[in-house]
1. Considering only protein heavy atoms, what per residue accessible area in square angstrom results for the range 3-189 with a 1.4 angstrom probe?
2. What does the charge count near ASP30 come to, summing +1 for each Lys or Arg and -1 for each Asp or Glu among other residues with Cβ under 9 Å from its Cβ?
3. Extending each Cα 7 Å along its Cβ direction at ASP30 and GLU68, get the distance between those two points in nm, one decimal.
4. What order do you get for 124-133, 78-87 when each peptide is scored by the mean count of other beta carbon atoms within 10 Å, highest first?
5. Just to be sure I understand the rule: take each whole DSSP H helix in the chain, project its Cα atoms onto its long axis, keep it if the span is 30 Å or more and its mean Kyte-Doolittle hydropathy is at least 0.5. Which ones pass?
6. Would you please give the residues with an amide H less than 5 Å from that of VAL166, counting only those at least 5 places away or on a separate chain, with H modeled from the backbone geometry?
7. Report for the chain the percent antiparallel among DSSP-assigned beta bridges with both residues inside it, nearest 5.
8. How high is the FRET efficiency between LYS187 and LYS129 when r is their beta carbon distance and R₀ equals 35 Å, given to the nearest 0.05?
Amino acid sequence: MSTLGTIIVLAFIIVVALLGYFFNKTMPTDLKVAKPMYKTLVLYFSPADEVSDLAHEVHQAVGGDIIELKGNPAYTGHDKTRAFKEWITGATPEQITPIPDLANYDTIFIGYPIWFGTAPMVIKDLLKKNGFAGKDIVPFAMETAISGKRTRSIRLLRTHAPRAKVLPRLLLHKGQDNQVRIAAYLKETGLK
Ligand SMILES: Cc1cc2nc3c(=O)[nH]c(=O)nc-3n(C[C@H](O)[C@H](O)[C@H](O)COP(=O)(O)O)c2cc1C
């Protein structure tokens with residue numbers, strides 16, 4: 001093979017490997033946990049107060065502690081301009097709610113609104129500053145036309161909490177009783 005041919009083949013292999021790596025990260029680390037949940041923590045970010053209802057439903061089903069996450073400065077409802085700037089630049093806004101020592105928990109539920117097909121950038125700060133290694137993370141969000149299909153928030157969680165196990169997303173419906181759906185998810189994943 002000529003030198004040019006070799007270069008083309010190598011470039012092709014590298015591109016395929018990179019694409020494989022990129023898309024693999026949009027998949028959960030695992031579909032099931034090794035043992036049922038024991039000490040649970042529900043964290044949620046909900047500047048426009050929609051995900052907060054879902055978070056309280058999750059908390060009702062799984063117990064443990066529940067904490068609302070806040071950005072610095074605080075987000076004001078549907079703050080699209082700020083959210084867009086952060087998303088496009090990959091900025092990491094500060095998460096300022098004190099988080100207890102995660103050594104006290106094994107399963108952490110993280111709820112967030114879907115912004116531009118992924119989790120808000122403030123979630124990055126949460127993951128970077130706290131020890132999620134070895135934890136089972138359950139991402140939960142409101143099911144919408146976009147959130148149902150797009151799994152980019154999984155990549156954000158896996159990238160910034162690389163040593164945690166990120167389970168499939170628990171998608172819930174606004175304004176509905178989600179307890180049956182949550183119970184089915186806990187059974188499927190082996191959490192309960
Ligand atoms: C900046 C911004 C971007 C959004 N992007 C999406 C999106 O890509 N897909 C989607 O389904 N919903 C999107 N939404 C709608 C939010 O996901 C929805 O309003 C969310 O549930 C609000 O949650 P909260 O009230 O708990 O903050 C977006 C909302 C905002 C404010």
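The values are calculated or read from the model by the stated rules, or taken from the named source; none is laboratory data. Since the model is a prediction, treat every value here as computed from it, not as a measurement. So basically every Cβ, Gly included, is an ideal-geometry build from the backbone, and we count neighbours across all protein chains shown. Just the protein is used for accessible areas: all its heavy atoms, side chains included, with ligands, DNA and RNA removed. Shrake-Rupley method; radii C 1.70, N 1.55, O 1.52, S 1.80 Å.
1. Roughly 53 Å² per residue, with all protein chains present.
2. That sum, taken over residues with Cβ under 9 Å, equals +1.
3. Output for this residue pair reads 3.4 nm.
4. 124-133, 78-87
5. Within the chain the helices that satisfy the rule are 3-24.
6. Counting only residues 5 or more places away or on other chains, the set is THR29, ASP30, ILE137.
7. Of all bridge pairs located within the chain, approximately 15 percent are antiparallel.
8. Given R0 = 35 Å and the Cβ-Cβ separation, E is 0.60.
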